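Some notes on the structure that comes next.
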Amino acid sequence: MQLKLYMDDYLTAIGGTGLLRLQEWAHLNLGTVVGLQHADSPIKMKHDHLLVDPSILTRVPEWYFRFLLEQYSISKREEKRLRYIGNSKNQTVKEQKDRLKDSINENLKKLSRYFAETENYQLMKECFEQVKKLPDDQAKTSLTDLRDNYLQLLQTDIFEEKLTFNFIRSVVLKNFFGQVSFLQKSLSHYNLQQHIDKMTEDYVRPLLFDLGFHDLLYSSLPDDEKYQAVLQYLAKSELSIHKRWVRELKKLKPGNLEAYFRQQLRCVFEENWLATDNFEEKSFVPLGVSSGKAYNFAWDLQDSPMPISTWIRFILFISPVGLTPFTKMYKEGFETYYSFVFRDGSPDLIYRDNEVLRNLEQNESFEQFIPKIIRREQHKAKQESIPGIQIIEFYSEYDNKKTVMHYYHIPQYLLEYFKQDNLNKMHKIYDRSLRDQFLQLVMESVDPISTIWVHLQKVIRGKANAQSTYYALLERWKINSLQEEGTMRNAGLIYVVFKEGKKIRKELTNLSNERSEQTDYASSGNKRAAGIAHRLLNAAKAGNNQQFLDTIIRLYLQVKIPVPSLLLNVLHEKDIDFATLSGAFITGLLSDADYTAVDKTEQSEQQTVQAVNP
């Protein structure tokens, strides 16, 4: 019996994509199976489903764990994170030395329990001591060699496997499946082969057992013979539902066998399969709910669990391979999100769309300063122009019982914005704390001005740079123009207002310098500008046009220059809306003319990426 998987639900599509990726990866890296396009491929992509040869099921656990070990390799992640050690222009020598020292020490602690007596562990310990005792004046020439020595030791097979599995278990799979099967803490010492054996025992053998049962149930044997064969087959299982079936079947006549199983629960994803489990947290943490609390699965708010088969349980377990991980700003920190492109069409189209998405995430260069997140949204936008496309993004925290999930349907005006490279300059919003939140709101068709106000407050406190705010205002103007009018209004007004704010800042600085020559103390121009910007920002956030204009007029009178007529848009908003005007003026007021904002924010962006990218 060939296994069928219909990819008409995004959960089965994610798992199906994972299964296809595993076969292709095994073909390219292990050479143990033919490629997906080969005529003898064990997984065939039909027009609306996958056709899977059951003979490959016992090979999937090895593909699965070797794939994850390669994708989340500790040595590769450390190499990427420490690649600037020894030649970083953004960190002092001491900061680089401390970063390397902390990295080595952290992994030494994790390895000490299992490998403290090994030669390479002792060599890594010596490397740590060398970094620890390294004088700052020698660090510049020695750090690179010490880093390379550490990375080479980290590639030791037993170190690589242990540390990578720690990450896979505690960070990746835990937030998909909790602590089921080999993810139990008591099994954290498992090596690769033990993980493979445990997945085979818990996921593959139950599936093969049920597959044999279905073959028997739908066979053409005479009623009496089939009845006895089913009882004998189910008696081999320790699963509670199989035992229940045996008890109830013994009370029936052989001719009622098929009628009995027609009354049993079917899998909600694949109706040809009898259900032997429920869709719960252990099946898929981001959406699963324990059966005792599954009220949200039924319209009548009754406890109605979602029954699933061992086939779907197996497919859901492969789902992490079918998703594309990426880092994204959430509140005040970075979280690992997972993305998937779901669409109407064949499994081949779904697979190819998600391979494109995966390649964008993994192969983009940070040095080119084309943020991956923007490239991803451009890809999403272009895909959205095809009917039946849905973009799914989520992250989940098992310990906190929390999932944040977004389903995107991108409007036409945003499609136009993302498609035009000469128009879309969102990558110039270098500060990710602003850019990620800005983009999130834009994708949800929400005005991003609120996150611009939050960022300006950080600028006032000296915790962020104003340059990113300017580009955020500019991109917001473009998007609003396309949304409201379908064409682009003149964005030059934003620059004019921005320059007015910078001019006032310069005049305030000159005024402060003059006063400091006449008195013992006078507040600096920077402090005065920040104080005024704070008052203006409060007025802008409250939508108080009159207070904003009154403050500006007094400001111009103070520095003794005329008020430009453009600022009267604060009241009538004929040429530029109040939010954009006020934001541009405040941004200019906070921008230091002698500060190379772009260079420093780009450096900050690099450091952030190094810190969060696995």
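The values are calculated or read from the model by the stated rules, or taken from the named source; none is laboratory data. What you see is a predicted model; the values in this text were computed from it and never measured. Backbone-built Cβ (ideal geometry, glycine too); neighbour counts: all protein chains shown. For accessibility, only protein heavy atoms count, side chains too; no ligands or nucleic acids. Shrake-Rupley method; radii C 1.70, N 1.55, O 1.52, S 1.80 Å.
Key figures for this structure:
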item: Estimated 222 nm signal from helices in the chain, with DSSP H stretches of n ≥ 4 weighted -39500 (n - 2.57), rounded to 500; result: -17500 deg cm²/dmol
item: Normalised contact order of the chain, rounded percent, pairs of Cα under 8 Å and 6 or more residues apart; result: 13
item: Candidate lysines - alpha carbon under 16 Å from Lys506, same-chain residues fewer than 8 apart omitted; result: Lys527, Lys560
item: Point-to-point label distance, Gln457-Leu192, nm (Cα→Cβ direction, 7 Å offset); result: 5.1
item: Spatially proximal aspartates and glutamates relative to Lys250 (Cα-Cα < 13 Å; intrachain offsets below 8 disregarded); result: Asp224
item: Where the chain is the region considered: accessible area per residue in Å², 1.4 Å probe; result: 46
item: Range of Cα positions in the chain per principal axis (Å), largest first; result: 109, 63, 46
item: Lys, Arg +1 and Asp, Glu -1 on Cβ, resulting dipole of the chain about Cα centre, debye, nearest 20; result: 1400
item: Rounded FRET efficiency, nearest 0.05, which uses the C-beta distance separating Glu79 from Val171 and R0 of 30 Å; result: 0.95
item: Debye equation applied to the C-alpha atoms of region 1-158, log10 I(q)/I(0) at 0.16 Å⁻¹; result: -0.86
item: Degrees, to the nearest 10: 492-518 long Cα axis against longest axis of the chain; result: 50
item: Reach of Lys101 by Cα under 22 Å, taken over lysines that are not fewer than 8 positions away in the same chain; result: Lys76, Lys80, Lys89, Lys109, Lys110, Lys125, Lys132, Lys133, Lys140, Lys162
item: Estimated vicinal HN-Hα couplings, Hz - region 529-540 in sequence order (Karplus 6.51, -1.76, 1.60; Gly, Pro = x); result: 5, 5, x, 5, 4, 4, 5, 5, 5, 4, 5, 5
item: Val559 paired with Lys133, simple spin-label distance in nm, labels 7 Å along Cα-to-beta-carbon; result: 5.8
item: Accessible surface of the chain [probe 1.4 Å, protein heavy atoms]: carbon and sulfur percent; result: 48
